[in-house]
Amino acid sequence: VSFIFVAFVAISNALSECYEASEFGIDSMDGVLKVNGTRFNLKAAAWFGFETDNYCVHGLWAVDYHSIVDFMANYSFNGVRIPFSVYLVLNDPAPVSISYYQMNQDLQNLTSLQVLDVLIKAFGDAGIVVMLDMHSLEPGGYMEDGLWYDSKYPQATTLKAWNMMVERYKDQWNVVAADVFNEPFDATWGTGDASTDFNTWCETVGNDMHSNGVDWLIMCEGVATSPPCTDACFWGEDLQGVKSSPVKLNEANKLVYSPHVYGPDVAYQDYFNVASFPSNMPAIWDTHWGYIRAMNGAATTVGEWGGSLSGADETWMNAFASYLVSNDVPDTWFWCVNPDSGDTGGLLEYDWKTPVIPKLNLLAQVQPKPTKITPQSNDKICVDFQ
């Protein structure tokens, strides 16, 4: 994307630039994210629910949506990952479990996608960019969706759903990324079989989106077992195939690799139960996906990580945070804001109001200087680089 250069201010090593909203975009190059050639420091988290049979982000039964947006802004988040299902896009049902009593009153009588419209705009007003995440085919179906299609939702339908989202949000300045498909655990990588090769599907979706008028980042997760992981990979973590079969988009500066990486709270692995844990982990992460950073091409942003921050999982999370910093991959999409994620918990307690400070402190260590985005009333977007 070509940027209109509007302002250049250098103050105590900080750089501020402003752009027309229609010209704002994020690039992936030199192994990192950049805006107009300057490094963009991402600090992001997921807020889930649209991909469930609530057909809406969770928590709006307890709080007004502005309070979640404000919470994220107050803790310097500049990105949010919003999962959705293909069913939701195609059917646009009515949302469930929103409380309108002294809250969320502007969401009354809206469809699910209309609620999403409102949320995305609110995030934009707060200077928070959005990654749309095709999380499942059916509501709540992510555990069954080993591929990005099935007999009910063929590949053409999956692509149609993305086309509908592109059409809906192509003029919304803060929608900047598309997570092609969540954790395709039955997929292959680089085998030459287009019906199962996820690297090929990332190219298909990405090139299609870009030909339809958006310059979104194309977030390509890993698979699970292709090539086979000597030390077990989590779903979405296996990016070993990038070495021999990298994703090749027509717009190469829009590709981001986005592995999902977890600790013992989510699934037991033998390597969590050895005497050398957690010092054994960096070599394993390096093999699965960490090596990509040193290639200095497409950026790597971990698309999910999280946990309870207690017991062995606390050991894992602290080790992982250190790895992210030392390997210069601090741009992540933490899982998650929601307290009702059963195996990880969230950044808020079950009242949907009280911040979980230890996790927030850990994220501040990983990304201490998130880039600040400030929308202006004159349709300009100002970016303060740290």
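The values are calculated or read from the model by the stated rules, or taken from the named source; none is laboratory data. Worth saying up front: this structure is predicted, and the values here are computed from it rather than measured. Heads up, the Cβs are rebuilt from the backbone with ideal geometry, glycines too, and the neighbour counts pull from every protein chain shown. Surface areas here come from the heavy atoms of the whole protein model, side chains and all, with no ligands, DNA or RNA. Shrake-Rupley method; radii C 1.70, N 1.55, O 1.52, S 1.80 Å.
Taking only protein heavy atoms and a 1.4 Å probe, what accessible area per residue, in Å², does segment 264-374 have with all protein chains in place?
39 Å²
Over segment 195-243, with every protein chain in place, what whole percent of the accessible area is carbon and sulfur at 1.4 Å, could you tell me?
50 percent
Does segment 249-377 come out rounded, prolate or oblate, given a ≥ b ≥ c as the square roots of the eigenvalues of its C-alpha gyration tensor, rounded meaning a/c under 1.5 and, failing that, prolate meaning a/b above b/c?
Here segment 249-377 falls in the oblate category.
If the elastic network links every pair of Cα atoms under 10 Å, which of THR300, THR38, THR188 fluctuates the most in the Gaussian network model of the chain?
THR38
Under a 1.4 Å probe, what is the accessible area of segment 118-231 per residue, stated in Å²?
Result: 34 Å² of accessible area for each residue.
As a test, work out the antiparallel percent of DSSP beta bridges whose residues both lie in the chain, rounded to the nearest 5.
Taking every DSSP beta bridge within the chain, about 40 percent pair in antiparallel fashion.
Connecting C-alpha atoms closer than 10 Å in a GNM of the chain, tell me which of ALA46, ALA298, ALA14 has the biggest fluctuation.
Between ALA46, ALA298, ALA14, it is ALA14 that shows the largest mean-square fluctuation.
Once you've got the Cα coordinates, tell me which of LYS34/LYS160; LYS170/LYS254; LYS121/LYS353; LYS170/LYS380; LYS43/LYS152; LYS170/LYS353 are over 27 Å apart.
As for pairs spanning more than 27 Å Cα to Cα, those are LYS34/LYS160; LYS43/LYS152; LYS170/LYS353.
Between segment 150-219 and segment 68-117, what is the separation of their alpha carbon centroids in Å?
22 Å
Counting only protein heavy atoms and using a 1.4 Å probe, what share of the accessible area of segment 6-141 belongs to carbon plus sulfur, as a whole percent?
49 percent
In the Gaussian network model of the chain, springs joining C-alpha atoms below 10 Å, which of LYS372, LYS243, LYS254 carries the largest mean-square fluctuation?
Of the options given, LYS243 has the highest mean-square fluctuation.
Rounded to the nearest 500, what is the 222 nm mean residue ellipticity of the chain from helices alone, with -39500 (n - 2.57) per DSSP H run of 4+ residues and division by all residues?
Computed ellipticity for the chain at 222 nm equals -7500 deg cm²/dmol.
Can you give me the relative contact order of segment 208-257 as a percent, contacts being Cα pairs under 8 Å and 6 or more apart?
42 percent
List the residues, sorted by chain then number, that are 5 or more residues from LEU33 or on another chain and whose placed amide H is less than 5 Å from its amide H.
Long-range HN contacts for LEU33: PHE40.
Work out, step by step, the length gained on full extension between LYS353 and SER67: first 0.36 nm times the residue separation, then minus their alpha carbon distance; give nm to one decimal.
In short, 102.2 nm is gained.
Using +1 on the beta carbon of Lys and Arg, -1 on that of Asp and Glu, and nothing else charged, what's the dipole of the chain about the Cα centre, debye to 20?
Charge dipole, the chain, about its Cα centre: 900 debye, nearest 20.
Separation between the GLN155 and ASN91 pseudo-spin-labels, each 7 Å from Cα along Cα→Cβ, expressed in nm?
The answer from the label model is 2.6 nm.
Let's test the formula: R0 of 51 Å, r as the Cβ-Cβ distance of TYR271 and ASN378. What FRET efficiency results, to the nearest 0.05?
It comes to 0.45.
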